[in-house]
Amino acid sequence: MRVYIPTTLATLADAFTAGELGPAPLDAFAVTPGLREWYVSDDIEELEYAALTRAAQASLRLLAAQPQARRRRVVVAVDVPESAVRSDPDRSLDPEALGAVRLLQPVAPAEAAAVHVDADEAEADVAAAAGAVVAADAGDTDARFTVDGTEDHELLWYATQEIPHLIG
């Protein structure tokens, strides 16, 4: 099962040094039954993109809590056994919890399938969104517009061998 773990460049650097992204359990996103039902799609690539997008939104919230971190959303994609993932069936259709899962094991950066990161030119928009995300969550429509502006930036794909370059 492919899961998408939201993080930041600072946390990814710490994980690379420590040899694992953890400790478990880790908040992550995946193609869950609720996500399938919500998006009404059988296209696995489309569903995985939706899970990746949800993880990118969660990364933005992590950035809001880490003012010193470089303003780029980061998502680590990893394949794990389904037995390593738990979801809350009571919240499966809750819009705030779509695709949300808990990864029950730490992940070594080398085990990742890929790392997805914003391009340098997204940093200004991501910084503005990180500063506005709390207000957006509280219902501020102007802040929501700022946060939604990050959706205009596609995350770039990096192989795990490129992690040292990303965090260096």
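Before moving on, here are some points about what is shown:
- Filtered residues of the range 118-159 (kept if buried (at least 18 other Cβ atoms within 10 Å of the Cβ) and in contact (Cβ under 8 Å) with a residue 24 or more places away in the chain): Asp118, Ala122, Asp125, Val126, Ala129, Ala130, Val133, Val147, Thr150, His153, Leu155
- Some residue of the range 73-85 being over 25 Å from Arg144 (Cβ atoms) and hydroxyl-bearing (Ser, Thr, Tyr): yes
- Within the range 47-59, the set of residues being aliphatic (A, V, I, L, M) and either buried (at least 22 other Cβ atoms within 10 Å of the Cβ) or touching a strand residue (DSSP E or B) at 6+ places or on another chain (Cβ under 7 Å) (or both) comprises Ala51, Leu52, Ala55, Ala56, Ala58.
- Within the range 99-111, the set of residues being surrounded by fewer than 21 Cβ atoms within 10 Å (Cβ to Cβ) and touching a strand residue (DSSP E or B) at 6+ places or on another chain (Cβ under 9 Å) comprises Arg102, Leu104, Gln105, Pro106, Ala108, Glu111.
- Residues in the range 14-46 that are buried (at least 19 other Cβ atoms within 10 Å of the Cβ) and of a type in the set (A, V, I, L, M, F, W, C): 9 in all.
- Selection count where residues are in a helix (DSSP H, G or I) and under 26 Å from Val78 (Cα atoms), scope the range 148-168: 12
- Among the residues of the range 24-81, just one is in contact with a Phe, Trp or Tyr (Cβ under 6 Å, 6 or more places away or on another chain) and aromatic (Phe, Trp, Tyr), namely Phe29.
- Annotation note: of Gly99, Gly149, the sole residue that is farther than 21 Å from Pro25 by Cα, in contact with a helix residue (DSSP H, G or I) (Cβ under 9 Å, 6 or more places away or on another chain) and modelled with pLDDT under 95 is Gly149.
- The residue of the range 1-52 that is modelled with the lowest pLDDT, among those that are of a type in the set (S, T, N, Q) and under 20 Å from Ala69 (Cβ atoms), is Thr17.
The values are calculated or read from the model by the stated rules, or taken from the named source; none is laboratory data. Quick caveat, the model's predicted, so the values are computed rather than measured. Every residue, glycine as well, gets a Cβ built from its backbone with ideal geometry; the counts of neighbours run over all protein chains shown.
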